Amino acid sequence: MSTRPTAPSGHVDGLRPDDPTVLEAPEAFDPPAPRASSRRPPAARGPAGSAPETGPDEAPEADSESGAGTVSGTGPGDVPEAGQETGADARPAGAASAAGAAGAADAAGSAGAAGAAGAAGVGPRAAWLALLVRSWRQLTSMRTALVLLFLLALAAVPGSLIPQRNLNPMKVEEYFAEHPTLAPWLDRFSVFHVFGAPWFAAIYLLLFISLIGCLWSRVHWHARALFTAPPKAPARPGRLPGGSTWTSPLDAPDAVDLARGALRGRRFRVAVAPGDARRPDGSPDHSVAAEKGYLRESGNLVFHLALVALLAGMGLGSWFGYQGTVLVVTGNGFANTLISYDQYSGGELVNAADLPPFSVTLDQFSASYQDNGQPADFRADVSYQSDIGAPVRTDTIRVNHPLRIGSAKIYLIGHGYAPHFVLRDSAGAVVWESYVPCTPRDGMFTSTCTVKIPDTGLPPVGERQEPQQLAFSGVFTPTTVLDPGHGYVSTYPAARAPGLTLTGFVGNLHLNEGIPQNVYAVDTRDMTQFPMTGPAGEKRIAQVVALNNPGQRTLTGLPGGLSLEVDGVHEFATFQTKSDPYKGLVLGASVVIILGLVASLRVRRRRVWVRATPLDGGGSTVEVGGLSRSDAQGFAAELAALSEEIRLDTTEAEATADGATAGDTAAGDTAADGEKPAAAMPADPVTSTTISATSEREP
């Protein structure tokens, strides 16, 4: 059975017993840490001529001069009996003082030699190497990882408070106009593009390196712990909290073998002391060490590894993914190009000129509603080409049922109404016409409409020859009803009786100055409201038109003899094209995170030891004890049940054997009387099993 190195912490979460003879060495549940092989100072050695003592769970160290491993008489996991002196504790005071003086002299000589070597100059290379090692250890510590995680969250705050150039460039221009002094300084530090800033990427990458370095060492030590035998039983396991001791009529090897079977039945990983193992006093070592709950640490590591994979998937998705949003009126379409999208955001490693060249046309959009106006179904029938020159295919896009084209998915995320406006001059010729989408603002699809007409044919006015442009602002109601208190409202989302209330403006819209504007708002700084003639009467500021009634859908009296007609309405759909090649990695990592978290929270780590000591008159003393890293109350009940099971096995086996012997004697007497003897009972396979000297592991 291989020995287990002592863990760095050297304690068992405050469960160290008061009696120093209970445990040979406190064993932590942490993964075993490597122990450097170095020569012990003379003060740590025993009397002259004796081999150095080994720790309770240490492997024998190799002598630095001879290279041969020398094993002390004290085996790992053994502890002197109460009142017994061994090693350095058995030396006289004078010998100890002499050894201490010799150790101090040896240490001083070693320090002097090291100082001389340093004075001679090890070289700047060694100093730089030591600095790198210290820096790496500091970077891969858990404290540094937590600090970097906090800094990453703090660095993301400006990205949510300040408009970002890749998401809303128009808001960024407005911020520059409102803060002419602060905005340029913020732009120097990439505050308007936080998630692509070098300092944000530096924090992100350092966090990755820190997490990976921290997890690597934990995975390494946990893998070693999985293939290392459980620590050997202490000298007095019955003195541990919740431990128990009793006398068994069985011999020590038989009692240990029954305890091994009970532990294996409860799925513990079991290691039985070898047959030639000896305790410090030279007596045979009959003990069993068992442990359970490695899935807790495994789940913890899986959780953190999946978290790294999740962050990696999100980071790679933001670098190699893109998404765009576009509003399409029925009968129109869009192509997968930057100029076609109303909003576009792409990763740092995505070239907008190399997007897959597919195109989509909205053939028909239909929506169905319940009687109370709640939506029942939305569907967009589209035709598309996956590449230039590819055949045209048709498909239907519904909510949560996107259209997949290559690595991109096209989602249906919204819809609404787009009335058709026609502007004519005094002679009846069409000056301008277009479908204008209106923005829904309630569940009945009462919508706000904004119409901007830059080219009206009207002559410029004023000394600066400012153009005369038209703008209309109104409210569209799909099913129009006149409410005495609120005016014209919509009572149903379907376009059963579409109506439109409009007001008009004339003046300079400033559309030709290169400054981005919101298409759903009218800048009326240099514009004048004018009256119109229509269904509501002559020279009214506001007019209401009925789109389904040819006699009530035309407005006249506009500047320059122009007239405006609203002769129909189409529905529009809003599509979102999204490509995220690493979303599968993110989804898988999320599932693994949940599984690892459940395992780390539900499983508890515990260890159980059983030791049997032979008695002079026959039989043995059996001791059972254990420790748990968490859930002490739950483990106390489990340990009590396990101890009771082992006690019953080790005390009732002899009674069964005695009954079998009595039965054999009676059978012999009967045979002697001339009767046929009964068949002999087979031997108990448990009590006749040979004690295993190898470590049996939990499946």
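A single member of Ser190, Ser210 is out of contact with any helix residue (DSSP H, G or I) (no Cβ under 6 Å at 6 or more places or on another chain), at pLDDT 85 or above and either among the polar types (S, T, N, Q) or farther than 27 Å from Leu305 by Cα (or both), and it is Ser190. Looking at the range 155-206 only, could you name the residues that are free of Cβ contacts under 8 Å to residues at least 24 places away in the same chain, closer than 30 Å to Leu511 by Cα and small (Gly, Ala, Ser)? Ser160, Ala177, Ala183, Ser190, listed by residue number.
Do we find a residue being open to solvent by 30 Å² or more (accessible area, probe 1.4 Å), farther than 25 Å from Pro581 by Cβ and in contact (Cβ under 8 Å) with a residue 40 or more places away in the chain anywhere in the range 315-327? So far as the range 315-327 goes, yes, one or more of its residues are open to solvent by 30 Å² or more (accessible area, probe 1.4 Å), farther than 25 Å from Pro581 by Cβ and in contact (Cβ under 8 Å) with a residue 40 or more places away in the chain. When each of Ser248, Ser244, Ser287 is tested for being open to solvent by 20 Å² or more (accessible area, probe 1.4 Å) and small (Gly, Ala, Ser), the lone residue that passes is Ser244. Against the criterion of being more than 18 Å from Thr361 (Cβ to Cβ) and in contact (Cβ under 8 Å) with a residue 40 or more places away in the chain, Gln465 does not qualify.
For every residue, the table says whether it meets (1) outside any loop (DSSP other than H, G, I, E, B); (2) without any contact (Cβ under 8 Å) to a residue 60 or more places away in the chain; (3) open to solvent by less than 30 Å² (accessible area, probe 1.4 Å).
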| residue | (1), (2), (3) |
| --- | --- |
| Arg264 | yes, no, no |
| Val270 | yes, no, yes |
| Gly275 | no, no, no |
| Ala306 | yes, no, yes |
| Gly313 | yes, no, yes |
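For Arg464, the conditions (1) open to solvent by 60 Å² or more (accessible area, probe 1.4 Å); (2) farther than 30 Å from Gln385 by Cβ; (3) assigned to a strand (DSSP E or B) are fulfilled apart from (3). Among the residues of the range 403-411, is there at least one that is closer than 25 Å to Gln323 by Cα, under 35 Å from the mean Cα position of the chain (by Cα), surrounded by fewer than 17 Cβ atoms within 10 Å (Cβ to Cβ) and not basic (Lys, Arg)? Looking through the range 403-411, at least one residue is closer than 25 Å to Gln323 by Cα, under 35 Å from the mean Cα position of the chain (by Cα), surrounded by fewer than 17 Cβ atoms within 10 Å (Cβ to Cβ) and not basic (Lys, Arg). Being touching a His at 6+ places or on another chain (Cβ under 8 Å) and basic (Lys, Arg) holds for only one residue in Arg134, Arg125, Arg165, and it is Arg165. Go through (1) in a strand (DSSP E or B); (2) aliphatic (A, V, I, L, M); (3) open to solvent by 40 Å² or more (accessible area, probe 1.4 Å); (4) in contact with a Leu (Cβ under 9 Å, 6 or more places away or on another chain) for Leu482 and report which single condition fails. That leaves (4) as the condition not met. Within the range 536-551, residues that are farther than 21 Å from Phe505 by Cα and open to solvent by 80 Å² or more (accessible area, probe 1.4 Å) reach partners that are at pLDDT 90 or above and of a type in the set (Gly, Ala, Ser) with beta carbons closer than 8 Å, at six or more positions or on different chains, in the pairs Asn548/Ala497. If the condition is being small (Gly, Ala, Ser), at negative phi and at pLDDT below 90, then the range 609-635 contributes Gly617, Ser628, Ser630, Ala632, Gly634.
Out of Gln469, Gln517, Gln529, one residue alone is under 16 Å from Leu558 (Cα atoms), in contact with an Asp or Glu (Cβ under 9 Å, 6 or more places away or on another chain) and either among the polar types (S, T, N, Q) or exposed (fewer than 15 other Cβ atoms within 10 Å of the Cβ) (or both). It is Gln469. When we screen Arg424, Arg464, Arg398, Arg496 for residues that are within 45 Å of the chain's Cα centre (by Cα) and of a type in the set (D, E, K, R), the only hit is Arg398. Considering only the range 394-439, how many residues are free of Cβ contacts under 8 Å to residues at least 24 places away in the same chain and assigned to a strand (DSSP E or B)? The total comes to 8. Every condition in (1) open to solvent by less than 30 Å² (accessible area, probe 1.4 Å); (2) in a loop (DSSP other than H, G, I, E, B) is met by Gly282 except one, and the failing one is (1).
Checking each residue in the range 218-257 for being in a loop (DSSP other than H, G, I, E, B) and β-branched (Val, Ile, Thr) picks out only Thr228. The set of residues in the range 220-241 being surrounded by fewer than 17 Cβ atoms within 10 Å (Cβ to Cβ) and either within 23 Å of Asp616 (Cβ to Cβ) or not aromatic (Phe, Trp, Tyr) (or both) consists of His220, Ala223, Arg224, Leu226, Pro241.
For every residue, the table says whether it meets (1) surrounded by fewer than 22 Cβ atoms within 10 Å (Cβ to Cβ); (2) in contact with a Lys or Arg (Cβ under 7 Å, 6 or more places away or on another chain); (3) modelled with pLDDT of 90 or more; (4) β-branched (Val, Ile, Thr).
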{"position": "Val592", "(1), (2), (3), (4)": "yes, no, yes, yes"}
{"position": "Val603", "(1), (2), (3), (4)": "yes, yes, no, yes"}
{"position": "Ala640", "(1), (2), (3), (4)": "yes, no, yes, no"}
{"position": "Leu648", "(1), (2), (3), (4)": "yes, no, yes, no"}
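Contact map, the range 361-373: first residue over 26 Å from Gly333 (Cβ atoms) and without any contact (Cβ under 8 Å) to a residue 24 or more places away in the chain, second residue open to solvent by 30 Å² or more (accessible area, probe 1.4 Å) and hydrophobic (A, V, I, L, M, F, W, C), Cβ cut-off under 8 Å, separation 6 or more or different chains; pairs are Gln370/Ala376.
Condition test on Val350, is it within 19 Å of Phe572 (Cβ to Cβ) and out of contact with any Leu (no Cβ under 6 Å at 6 or more places or on another chain)? Against the criterion (within 19 Å of Phe572 (Cβ to Cβ) and out of contact with any Leu (no Cβ under 6 Å at 6 or more places or on another chain)), Val350 does not qualify.
The residue list Ala177, Ala183, Ala197 contains one member that is small (Gly, Ala, Ser) and more than 21 Å from Pro516 (Cβ to Cβ), which is Ala197. Which of the residues belonging to the range 485-514 are open to solvent by 80 Å² or more (accessible area, probe 1.4 Å) and without any contact (Cβ under 8 Å) to a residue 24 or more places away in the chain? Within the range 485-514, His486, Arg496, Glu513 meet the criteria. Among residues that are touching a helix residue (DSSP H, G or I) at 6+ places or on another chain (Cβ under 8 Å), aromatic (Phe, Trp, Tyr) and outside any strand (DSSP E or B), Phe334 is not included.
Just one of the listed residues (Val436, Val422, Val430, Val392) is under 26 Å from Thr554 (Cβ atoms) and either touching a Gly at 6+ places or on another chain (Cβ under 8 Å) or loosely packed, with under 12 Cβ neighbours inside 10 Å (or both), and it is Val430.
The values are calculated or read from the model by the stated rules, or taken from the named source; none is laboratory data. These numbers come from a predicted model, not from an experiment. Note: ideal-geometry Cβ built from the backbone for every residue, glycine included; neighbour counts use all protein chains shown. These accessible areas exclude ligands, DNA and RNA; they are computed on the full protein's heavy atoms, side chains included. Shrake-Rupley method; radii C 1.70, N 1.55, O 1.52, S 1.80 Å.
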